[in-house]
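Enquirer: Below: one structure in structure tokens.
The values are calculated or read from the model by the stated rules, or taken from the named source; none is laboratory data. This is a predicted model, so every value here is computed, not measured. Every residue, glycine among them, receives a Cβ derived from its backbone with ideal geometry; neighbour counts consider all protein chains shown.
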Amino acid sequence: MRSAGPDETLRCRTVFISDVHLGSSACSAELLLDFLDSIECEMLYLVGDIIDVWSLRKQFYWPSSHNEVVRRVLKMARNGTRVTYIPGNHDEIFRDHVGLDVGGVGIRRDSIHQTADGRRLLVLHGDEFDQVVQFSPWLAKLGAHAYEYLIRLNAWVNRCRRWFGAPHWSLAKYLKHRVKNAVQYIGEFERAVATAARQRGVDGLVCGHIHHAEITVIDGITYCNDGDWVETCSALVEHPDGRLEILRWAEHVAAREARGDLQVVMTDRAA
């Protein structure tokens, strides 16, 4: 995978990422490292499930790329980026340390972010609005294991697709959009979180948890989900003017490499 050059650096005000799942073989750490190498930001929000403690308890898995993600985030904090870590359900053990600042990273239960254009956004992971997680933790963990197997299958599918020059594709996302109960669950989750944001008196919210990147408006509330780094490989960014955008990094890398291949072909023809 090519690294972004200096001319490709994306300078933004704020970056929101969640559901990285470090410690799980499903984590796309290399893509995330490429993303972090390609951005400069004033604020970075880690919106939960950054470390998959559930997976680590089952089987220890921590390759060098996962360690490098942690090093890269800490380096950003040392270099002046304000980093806020909001633990999710997979890394809920860190909620015991809410209020502390560790290595320049502030651990918070949730946060209020004000955009450059004056909007106030509630930032939280979102698992507290998931009835399965709240009332049936064992069922949630069973589902997490099944999901991890699905993602592993997806990894093999994408290896085959790369052999044929096809772009990254999410099997889990494909299935979620075609299973009626999954679509209904996503809609109910979004409405529940939007209602909570309205009760808090904010203009919108940023969350993760359901691995479904989206920006939409629900009854006057701006709902943003930054996606994940397992299947979607996406982040939510705030531009200097306050505009919010979802970046789907696997698609970005595929397009960037296609441009590079085209430049090689054109150079060969010119020669």
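Enquirer: Does the stretch 71-82 include one or more residues that are touching a His at 6+ places or on another chain (Cβ under 9 Å) and aliphatic (A, V, I, L, M)?
Expert: No: the stretch 71-82 contains no residue that is touching a His at 6+ places or on another chain (Cβ under 9 Å) and aliphatic (A, V, I, L, M).
Enquirer: Another one. Would you call LEU22 in contact with a Phe, Trp or Tyr (Cβ under 9 Å, 6 or more places away or on another chain), aliphatic (A, V, I, L, M) and closer than 26 Å to ASP127 by Cα?
Expert: yes
Enquirer: Please enumerate the residues belonging to the stretch 205-222 that are over 10 Å from the mean Cα position of the chain (by Cα) and part of a strand (DSSP E or B).
Expert: Answer for the stretch 205-222, where residues must be over 10 Å from the mean Cα position of the chain (by Cα) and part of a strand (DSSP E or B): LEU205, VAL206, GLU214, ILE215, THR216, VAL217, ILE218, ILE221, THR222.
Enquirer: Among the residues of the stretch 42-53, are any on the phi < 0 side of the Ramachandran plot, surrounded by fewer than 20 Cβ atoms within 10 Å (Cβ to Cβ) and out of contact with any helix residue (DSSP H, G or I) (no Cβ under 9 Å at 6 or more places or on another chain)?
Expert: Checked against the condition, which is being on the phi < 0 side of the Ramachandran plot, surrounded by fewer than 20 Cβ atoms within 10 Å (Cβ to Cβ) and out of contact with any helix residue (DSSP H, G or I) (no Cβ under 9 Å at 6 or more places or on another chain), the stretch 42-53 yields at least one hit.
Enquirer: Inspect the stretch 50-68 for any residue being within 19 Å of ASP110 (Cα to Cα) and of a type outside the set (D, E, K, R) and give the result as yes or no.
Expert: Yes, the stretch 50-68 has at least one match.
Enquirer: To continue, here is another question. In this structure, is ALA166 in a helix (DSSP H, G or I), of a type in the set (A, V, I, L, M) and either at pLDDT 90 or above or out of contact with any Ser or Thr (no Cβ under 8 Å at 6 or more places or on another chain) (or both)?
Expert: Answer is no for this residue.
Enquirer: OK, next. Taking the stated definitions as given, is GLY204 more than 14 Å from HIS113 (Cβ to Cβ), touching a residue at least 24 places away in the same chain (Cβ under 8 Å) and not hydrophobic (A, V, I, L, M, F, W, C)?
Expert: Details: more than 14 Å from HIS113 (Cβ to Cβ): no; touching a residue at least 24 places away in the same chain (Cβ under 8 Å): yes; not hydrophobic (A, V, I, L, M, F, W, C): yes.
So GLY204 fails the test.
Enquirer: If you don't mind, there's one more thing I want to ask. Out of (1) over 17 Å from the mean Cα position of the chain (by Cα); (2) modelled with pLDDT of 95 or more; (3) in a loop (DSSP other than H, G, I, E, B), what's the single condition that is false for ILE93?
Expert: With respect to (1) over 17 Å from the mean Cα position of the chain (by Cα); (2) modelled with pLDDT of 95 or more; (3) in a loop (DSSP other than H, G, I, E, B), ILE93 is out only on (3).
Enquirer: Sort out which residues of the stretch 21-38 are within 16 Å of VAL237 (Cβ to Cβ) and surrounded by 16 or more Cβ atoms within 10 Å (Cβ to Cβ), and write them in order of number.
Expert: LEU31, LEU32, ASP34, PHE35, LEU36, SER38
Enquirer: Right, here's the next one. Among the residues of the stretch 79-86, is any under 17 Å from ILE246 (Cβ atoms), buried (at least 17 other Cβ atoms within 10 Å of the Cβ) and in contact with a helix residue (DSSP H, G or I) (Cβ under 9 Å, 6 or more places away or on another chain)?
Expert: Within the stretch 79-86 (the criterion being under 17 Å from ILE246 (Cβ atoms), buried (at least 17 other Cβ atoms within 10 Å of the Cβ) and in contact with a helix residue (DSSP H, G or I) (Cβ under 9 Å, 6 or more places away or on another chain)), the answer is no, since none of the residues qualifies.
Enquirer: While we're here: Select from the stretch 191-233 the residues that are out of contact with any Gly (no Cβ under 8 Å at 6 or more places or on another chain), closer than 13 Å to LEU122 by Cα and not charged (D, E, K, R) and list them in ascending order.
Expert: If the condition is that a residue be out of contact with any Gly (no Cβ under 8 Å at 6 or more places or on another chain), closer than 13 Å to LEU122 by Cα and not charged (D, E, K, R), then ALA194, THR195, ALA196, GLN199, GLY201, VAL202, GLY204, LEU205, VAL206 are the ones that fit.
Enquirer: Could you tell me how many of the residues in the stretch 42-71 are more than 22 Å from THR115 (Cα to Cα), out of contact with any Asp or Glu (no Cβ under 8 Å at 6 or more places or on another chain) and not in a loop (DSSP other than H, G, I, E, B)?
Expert: The qualifying residues number 11.
Enquirer: Limited to the stretch 87-132, what total is found for residues that are in contact with a Phe, Trp or Tyr (Cβ under 7 Å, 6 or more places away or on another chain), among the hydrophobic types (A, V, I, L, M, F, W, C) and under 27 Å from ILE221 (Cα atoms)?
Expert: 3
Enquirer: Is it the case that the stretch 16-38 has a residue that's at pLDDT below 95 and over 17 Å from the mean Cα position of the chain (by Cα)?
Expert: No, the stretch 16-38 contains no residue that is at pLDDT below 95 and over 17 Å from the mean Cα position of the chain (by Cα).
Enquirer: Still on this model: Return the pair list, or none, for Cβ contacts closer than 6 Å from residues in the stretch 104-129 that are under 24 Å from PRO240 (Cβ atoms) to residues that are assigned to a loop (DSSP other than H, G, I, E, B) and among the basic types (Lys, Arg), at least 6 apart or on different chains.
Expert: Between residues of the stretch 104-129 that are under 24 Å from PRO240 (Cβ atoms) and residues that are assigned to a loop (DSSP other than H, G, I, E, B) and among the basic types (Lys, Arg), the close pairs are LEU122/ARG200.
Residue by residue, here is whether (1) modelled with pLDDT of 95 or more; (2) in contact with a Cys (Cβ under 8 Å, 6 or more places away or on another chain); (3) assigned to a loop (DSSP other than H, G, I, E, B) holds:
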| site | (1), (2), (3) |
| --- | --- |
| CYS224 | yes, yes, no |
| ALA235 | yes, no, no |
| GLY242 | yes, no, yes |
| HIS252 | no, no, no |
| ALA255 | no, no, no |
| THR267 | no, no, no |
